[in-house]
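These notes concern the structure reproduced below.
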């Protein structure tokens, strides 16, 4: 299980505080004051005004204690943790990465297509570059993509898939189908816009975080030979944006005969676009980045669709507007759990794992005070080498008590 940075920092603080204490260094104000008293006693220094109420001794103790605690904090919070790959972060981790010939992957903007539909099929209609398509607000934020090249809906056609790019860089723009559905400004002749299930061609990515970069650094030590083993292929695949090493799942039981293996790949937003998979296979299979005789093929993790219904009971004193807002909040969080957006702190589906609806229930109650109860029509989902995805989702208001 991947630790959060908060957990890593807590482990580091406990470990290095204990290390300093074992070395005999005082690590708290009480321990420091006791050490100063011991030093005074060992030196046979006769100080008579050393009571707890003595301004003189309180001043002397504070002057000696504060720098000691500053040093402890410097050692425990920064100096010692950043000496070790397990705890290093920020610029310190970048130096570790440089030492194993890696660098932090930079953020990139999502790219794909939005389907523009008009009300009739007669004549030609040009969709200009710069048209903005946005989502409804999610967790206080509206996401937008912008058309990058002019596109013409030809005579006889009612729709066209128009290339778009996210307004900003980041993985949060890799949204599920139907999220991008609002024109920021009307386009004459266009009745509707929508991103389809396969809209994403180039996933957006955040700047690589400390934990994914740490995983790549660790893997690099095992990837010295580069080929013929998991670590070597992880290093090669991990060079691509939006790819985390813990999202790679190898199938090594000779799926196409001796010497063959598959790597099933997912990204934060779920199933990666085929264009990304094709680029990986081209890099490995056609550019010589494989071992002699190897037949290693990348493929998108298989999405296993589920129909899901959730009945939501709001607080008894909730207004109609609050009930409608609650339904939308629940829907967005459930979709986040199935990786259709990345805006909420909920446990997300993974291959080779159990997705717990009781855990999702607890997380929804913790985040939504107006939620009185929620009933899912599905038992826990136990995944094999597949990723649970939503086929349909119905979020319904509960009736009665």
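Read-outs: derived from the displayed coordinates by stated rules, not from any lab. In this text, all values refer to a predicted model and were calculated from it rather than measured experimentally. Quick reminder, even Gly has a Cβ in these numbers, built from the backbone with ideal geometry, and neighbours come from all protein chains shown.
Peptides 232-240, 118-126, 143-151, 100-108 ranked from most to least packed give 232-240, 143-151, 100-108, 118-126, packing being the mean of other C-beta atoms within 10 angstrom over each peptide's residues. Sorting 158-171, 175-188, 12-25 by average packing, meaning the other beta carbons within 10 Å per residue, from highest down gives 158-171, 175-188, 12-25. Counting only alpha carbon atoms, the long axis of helix 55-74 and the longest principal axis of the chain meet at about 40°.
Relative contact order of the stretch 111-202, please, whole-number percent, based on alpha carbon pairs below 8 angstrom and at least 6 residues apart. Write down the numbers at each step before the final one.
Working: 212 pairs, mean separation 37.5, N = 92.
Averaging sequence separation for qualifying contacts and normalising by length gives 41 percent for the stretch 111-202.
Within the chain, DSSP assigns beta bridges of which about 70% are antiparallel (rounded to the nearest 5).
A simple packing score, the average count of other Cβ atoms within 10 Å per residue, orders the peptides 242-250, 26-34 as 242-250, 26-34, with the highest score first. Could you list the residues of the stretch 238-264 with an amide nitrogen less than 18 Å from a label point located 7 Å from the Cα of residue 282 in the Cα-to-C-beta direction? The answer is 238-243, whose backbone nitrogens lie closer than 18 Å to the label point.
When DSSP assigns beta bridges and you keep just the ones with both residues in the stretch 211-354, what percent turn out antiparallel, to the nearest 5? Can you show the working numbers first?
Values: 5 of 12 bridges.
The antiparallel fraction comes to roughly 40 percent.
Among [x] 1.32; [y] 1.01; [z] 0.94, which is the computed Cα Rg over 2.2 N^0.38 Å? Correct label is [x]. Rounded to the nearest 10 degrees, the angle from helix 210-222 to the longest Cα principal axis of the chain is 90 degrees. Taking the C-alpha atoms only, the angle from helix 90-99 to the longest principal axis of the chain is near 80 degrees. Counting other Cβ atoms within 10 Å as a rough exposure proxy, the listed residues 355, 84 run 84, 355 from fewest neighbours to most.
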